[in-house]
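Notes to accompany the following structure.
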Amino acid sequence: MQEVLVIIHLLIAISMIGLILLQKTEGNASGAGFSGSASVESLMRPRARANPIGRATAILGICFFVSSIGLALLARPDGHRATSIMAEPTKGPVVPKINDTPVAPPAGPPGPAVPTN
């Protein structure tokens with residue numbers, strides 16, 4: 001099932017790329033943000049009607065979004081239900097337990113010999 005959905009997802013992506021490259025540009029619309037006069041002209045012009053290529057691109061975009069969600073749901077591990085990380089209890093630092101009985105210090109190297117005169 002997942003392999004079929006991956007193949008469909010790739011075909012949708014390739015088709016979308018092709019349709020986007022086939023679309024006609026709006027002339028000076030790409031440079032409209034960089035000059036003041038071009039943006040006013042582009043705002044005053046009536047919008048072009050939606051052509052079939054633009055509509056097909058929108059439909060393929062929706063299909064791409066849906067197939068992406070489907071792939072994400074299929075990739076989820078089995079047996080795990082969706083939970084928030086905020087719902088999990090926080091774990092504090094692990095502090096080792098200290099015994100109440102005192103421990104003798106470790107024996108060091110022997111000191112110098114004391115004369116017994």
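The values are calculated or read from the model by the stated rules, or taken from the named source; none is laboratory data. Here the structure is a predicted model, which means the values were calculated and not measured. With ideal geometry, Cβ positions are generated from the backbone for all residues, glycine too; neighbour counts draw on all protein chains shown.
When V94 is tested against (1) part of a loop (DSSP other than H, G, I, E, B); (2) among the β-branched types (V, I, T); (3) modelled with pLDDT under 70, just one condition goes unmet, and that condition is (3). Residues that are surrounded by 14 or more Cβ atoms within 10 Å (Cβ to Cβ) and modelled with pLDDT under 95 are absent from the range 45-52 altogether.
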